[in-house]
Amino acid sequence: MRLTELTAYLDQYLRVREVPDYAQALNGLQVENSGEVTRVAVAVDAVQATIERAVESGANLLLVHHGLFWDGNQPVTGRRYRRLRALLDADVAVYSAHLPLDVHPEVGNNVVLARALGMEVAGTLGDYKGEPLGVWGELEIRREALAARLDELLGSRVRVVCGGPERLRRVGVITGGAGSELAAARQLGLDAFVTGEGSHHHYFDAEEGGINLFLGGHYATEVWGVRSLAQHLETHFGLPWSFIDHPTGL
């Protein structure tokens, strides 16, 4: 299909013009191609390794969660030059969706991971400039069982701060680097909060705040949205896709 048609659909479906985000996110189309999309590659990050593998896969659109310009307004030299040259030489477009993909009610990182955990979503959690950041819901499970379920889903060992009850009933999820939203989870009276990463002091915030904190890794908690979005595009437009896994362990 035409790149312009697909990007217009994504802009509307993900509400990229409505959902507030950091300036460096530059949500939407970041790099054009000559106009056609026949195959999509999806990845968490637009970096040299994922760009090269997208080219090798024959994709002409790379759909990512973290785009090309997180380092701000920089000259097109060094690694930025190498990334852009690889994309332009192979005629591969890049489309990025950060918070719009995190918060999406159907294919977003938060809701997809929550549902994978078996959670029945009951409400939203956190706030960024008026936009709810995550979800919370009912999940009757023991703390150790939730840790084991996360280990299996994320493919790595989750870190647990045992600050709350052993039997859980209300759990919140905000993927990525959302340790700072632990206070919002406490205010909602949640038994546990699942995120990717946090700061050193969040250990004590959880321990002394009466809430369990589960840290599954920034990358591992954010593979869900791009894969779900790609499946959505295949269902609606018949576009084949592949997931490029490039884990950081962080």
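The values are calculated or read from the model by the stated rules, or taken from the named source; none is laboratory data. None of the values given here were measured: they were computed from a predicted structure. Cβ sites come from the backbone with ideal geometry, for glycine too, and all protein chains shown count toward neighbours. Note: areas computed on protein heavy atoms with side chains; ligands, DNA, RNA excluded. Shrake-Rupley method; radii C 1.70, N 1.55, O 1.52, S 1.80 Å.
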request  = For the chain, give the share of DSSP beta bridges that are antiparallel, in percent and rounded to the nearest 5; count only bridges with both residues there.
outcome  = 50 percent
note = Dipole check, the chain, charges on Cβ (K,R +1; D,E -1), about Cα centroid: among GLY78, LEU233, MET1 the Cα furthest to the positive pole belongs to GLY78
Accessible carbon and sulfur surface of the chain relative to its total accessible area, %, 1.4 Å = 49 percent
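If I stretch the segment between SER180 and GLN74 completely, what's the gain in nm (0.36 nm per residue apart, minus their alpha carbon distance), one decimal?
On the way: separation 106, 0.36 × 106 = 38.16 nm, distance 2.83 nm.
Full-extension gain reported as 35.3 nm.
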query = If you rank ARG143, ARG85 by how much accessible surface each has, with a 1.4 Å probe, what is the order from largest down?
reply = ARG85, ARG143
ask   = What size of dipole, in debye to the nearest 20, comes out for the stretch 1-109 about its Cα centre when the only charges are +1 on Lys and Arg C-beta atoms and -1 on Asp and Glu C-beta atoms?
value = 280 debye
inquiry  = Starting from the 7 Å offset along Cα-to-Cβ, what nm value, one decimal, do you get for the label separation of ARG115 and TYR9?
reply    = 1.9 nm
remark   = The Cα radius of gyration of the stretch 90-213, divided by 2.2 N^0.38 Å with N its residue count, comes to 1.06
key: Electrostatic dipole magnitude of the chain [Cβ: Lys, Arg +1; Asp, Glu -1; Cα centre; debye, to 20]   = 240 debye
remark   = Order by accessible surface, 1.4 Å probe, largest leading, for residues ARG149, ARG115 comes to ARG115, ARG149
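Which residues make up the longest stretch of the chain clear of GluC sites (Glu not before Pro) that lie in a DSSP loop with no more than 13 other Cβ atoms within 10 Å, not counting the sites? Working shown, then result.
Numbers: sites that count: GLU18, GLU106, GLU166.
Excluding the exposed sites themselves, the longest stretch runs over 19-105.
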remark   = Expressed in nanometres to one decimal, the distance between label points 7 Å along Cα→Cβ at SER242 and GLU32 is 2.8 nm
inquiry  = For the chain, what does the accessible surface come to per residue with a 1.4 Å probe? Please give it in Å².
reply    = 46 Å²
request  = Please compute the net charge surrounding VAL160, taking Lys and Arg as +1 and Asp and Glu as -1 over other residues with Cβ under 9 Å from its Cβ.
outcome  = +1
query = Efficiency by 1/(1 + (r/R0)^6): what FRET value for ALA148 and LEU250, r their Cβ-Cβ distance, R0 = 25 Å, to the nearest 0.05?
reply = 0.70
task = May I ask for the percentage of alpha-carbon pairs in the stretch 1-102 that lie more than 24 Å from each other?
result = 16 percent
key: Overall Cα dimensions of the chain, principal axis frame, Å, largest first   = 55, 38, 33
remark   = Among the stretch 149-177, those whose backbone N falls under 11 Å of a label point 7 Å along Cα→Cβ from LEU188 are 170-175
query = Taking the Cα-to-Cβ direction at GLU56 and at ARG159 and moving 7 Å from each Cα, how far apart do the two end points lie in nm?
reply = 3.1 nm
